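Below is one structure, written out as C-alpha cells, with a few remarks after it.
The values are calculated or read from the model by the stated rules, or taken from the named source; none is laboratory data. The structure presented is a predicted model; accordingly, all values stated were derived computationally and were not measured. Neighbour counts run over all protein chains shown; Cβ positions are idealised from the backbone, glycine included. For accessibility, only protein heavy atoms count, side chains too; no ligands or nucleic acids. Shrake-Rupley method; radii C 1.70, N 1.55, O 1.52, S 1.80 Å.
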Amino acid sequence: MTEEQKSRVKLPPVQQVSIVVKDMDRAIEYYSSTFGIGPFRVIDIDMKGVLLRGKPVRTKIKVAFARSGPLQIELIQPVEGKNIYTEFLDSKGEGLHHLGFQVDDLDGMLAELAKEGIQPVFYHSLPQLGAAFAYLNTDKIGGVMFELIEQKTREKRER
C-alpha cells in the first residue's frame, strides 16, 4: 500500500451484521429453523428525535438480536414512520443493510470522518441506555452502509 493509499480512519473489526426484513416473525423462523441461528431477543424501539439526513424524525422499529460466533446478527423491521430502513425496503427490498463497528468514541470518530467528507445519514443517542449510533453513507461503493456503535460504560456516563 502506498502512502497515498493508507487509510485515514481505522475501524475496529466488524461486530454486527444487520438485515432489514418486512416480517420479523417470518425472518426469525427462517433463520432459526433453516440455519440454527438463535435464540433471538426481540425488542420494540420508539425513537424520538432521530436525525435522518440532519432532520429530526420519529420512528418505531422492531429489532431482534442473536449471536453467530463472534458476530451479532441483527434483524430490523420498520414498524412506523419514515426512516433509513423504510427507504432501504422501498429501494432494494429485504437484505443486508449494514455492518456494525463498536467504537470507543463515536463523536471523535464522526469528527475524523467529517474531515474525509463522510457525514452520518442517521444518528441517534440513547443516553438512558448509555449508547449512541450513526450510520455512514458508505453504500455508494459496495452497496453496504456502515454503522458506528458506542456503548458507554457506567464511568463514561457519569462524567
Query - Surface accessible to a 1.4 Å probe, per residue, for the residues of the chain, Å² - result: 60
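Only sites in a loop by DSSP and with at most 16 other Cβ atoms within 10 Å count here; which GluC sites (Glu not before Pro) in region 57-112 make the cut? Don't jump to the answer; show the numbers that get you there.
On the way: sites: GLU74, GLU80, GLU87, GLU94, GLU112; in loops: GLU94.
Here the sparse-neighbourhood loop sites are GLU94.
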Report summary line: Taking Cα atoms, the helix 24-35 axis meets the longest principal axis of the chain at an angle in degrees (rounded to 10) of 90
Query raised in the report: Relative contact order, percent, of the chain when contacts are C-alpha pairs under 8 Å separated by at least 6 residues?
Result: 23
Requested in this report: Could you look at region 1-131 and say what percent of its accessible area is carbon and sulfur, using a 1.4 Å probe and all protein chains?
Outcome: 53
Query raised in the report: Say each of SER33 and GLN151 gets a label point 7 Å from the Cα, pointing the same way as Cα to Cβ; how far apart are those two points in nm?
Result: 3.1
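Given R₀ = 25 Å, FRET efficiency for ALA114-THR86 by Cβ-Cβ distance, to 0.05?
Values: r = 26 Å, r/R0 = 1.05.
For ALA114 and THR86, the calculated efficiency is 0.45.
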Query raised in the report: Gap in Å between the Cα centre of region 21-54 and the Cα centre of region 94-141?
Result: 19
**Report entry** Inter-probe distance in nm under a simple model that places probes 7 Å from Cα toward Cβ, at ARG41 and VAL14
**Finding:** 2.3
Report task. Please work out whether region 1-111 counts as rounded, prolate or oblate from its C-alpha gyration tensor, where a ≥ b ≥ c are the square roots of the eigenvalues and a/c under 1.5 means rounded, while otherwise a/b larger than b/c means prolate and anything else oblate? Result -> oblate
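Given a cut-off of 27 Å, name the pairs among LYS82/LYS115; LYS10/LYS62; LYS55/LYS115; LYS10/LYS82; LYS48/LYS152; LYS60/LYS115 whose C-alpha atoms lie farther apart than that in the structure shown.
Details: LYS82/LYS115 29 Å; LYS10/LYS62 31 Å; LYS55/LYS115 21 Å; LYS10/LYS82 31 Å; LYS48/LYS152 20 Å; LYS60/LYS115 32 Å.
From LYS82/LYS115; LYS10/LYS62; LYS55/LYS115; LYS10/LYS82; LYS48/LYS152; LYS60/LYS115, over 27 Å: LYS82/LYS115; LYS10/LYS62; LYS10/LYS82; LYS60/LYS115.
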Requested in this report: Identify which of GLY143, GLY100, GLY117 has the largest mean-square fluctuation in a Gaussian network model of the chain, with springs joining Cα atoms closer than 10 Å.
Outcome: GLY117
Query - With DNA, RNA and ligands ignored, accessible area of LEU99 (1.4 Å probe; Å², nearest 10) - result: 40
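Using the crude model of +1 on Lys and Arg Cβ and -1 on Asp and Glu Cβ, and no other charge, please compute the dipole size for region 3-99 relative to its Cα centre, in debye to 20.
Values: 15 positive and 12 negative charges, 74 e Å.
Computed about the Cα centre, the dipole is about 360 debye.
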Report summary line: Expected field for ASP44, accessible surface area in Å² at 1.4 Å probe radius, rounded to 10, holds 120
